[in-house]
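Every number here is computed from the coordinates shown, using simple stated rules; none is lab data. The model shown is predicted, which means the values in this text are computed figures rather than measured ones. So basically every Cβ, Gly included, is an ideal-geometry build from the backbone, and we count neighbours across all protein chains shown.
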Amino acid sequence: MVRVYQTLSGATGILVLIVCLVGVAGPSSAERSSPTTTCTAGEAAHTLGQKIYVPAYSHIYYQNQKRRYPLSVTLSIRNTDEQHPLKVTSTRYVGTEGQILKEYVETPIHLGPLASIEFFVDEQDKSGGLGASFLVEWVAEQPVYGPVVEAVLVGTAGTQAISFVSTGRVLCHRTP
């Protein structure tokens, strides 16, 4: 769409029209939705599996550590590979002292291309403590782009709420 707000004449008018048309022109819808997007070296690496550490907090302190603000945790595992599945083989909730509090995966969970899965820890569950975390392990049959693994932490009290995201850190890769 081209809008004219003021009549321009001569070379100035032609220049404005050209700038407007260049701004309107862009990639066609076919070009924008092309599935052949390429990545340059270093942007993403293929791997056969990973162990990922994700910080999670059952609470945070406020008022000079005199009061605790309880948090619920949603661990999200998102397969970023558009063509290949992966299997989540272990999702362990770990307490402040390093003890395994819960294993969420009894049998490997198949996660299709671009699919996701979530695990939840209620804000009433204080067992993890301030240093709680998750250890997530996954494998794939062929090299894939690694998943995005994050914990979304939310706390509500009366009319106040807090939320933040804790990003997973890869501890090791399974190589071909």
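Numbers below:
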quantity	calculated
Residue in the range 159-168 that is touching a Leu at 6+ places or on another chain (Cβ under 8 Å), assigned to a strand (DSSP E or B) and closer than 22 Å to Leu114 by Cβ present	yes
Positions within the range 84-117 being basic (Lys, Arg) and within 19 Å of the chain's Cα centre (by Cα), in sequence order	Lys87, Arg92
Evaluation of Tyr93 against (1) surrounded by 15 or more Cβ atoms within 10 Å (Cβ to Cβ); (2) assigned to a loop (DSSP other than H, G, I, E, B) (one fails), failing number	(2)
Scan of the range 57-90 for residues that are in contact with a strand residue (DSSP E or B) (Cβ under 9 Å, 6 or more places away or on another chain), under 25 Å from Thr159 (Cα atoms) and not in a strand (DSSP E or B), ordered by number	Tyr57, Ser58, Leu71
Number of positions in the range 96-114 that are touching a Pro at 6+ places or on another chain (Cβ under 8 Å) and assigned to a loop (DSSP other than H, G, I, E, B)	2
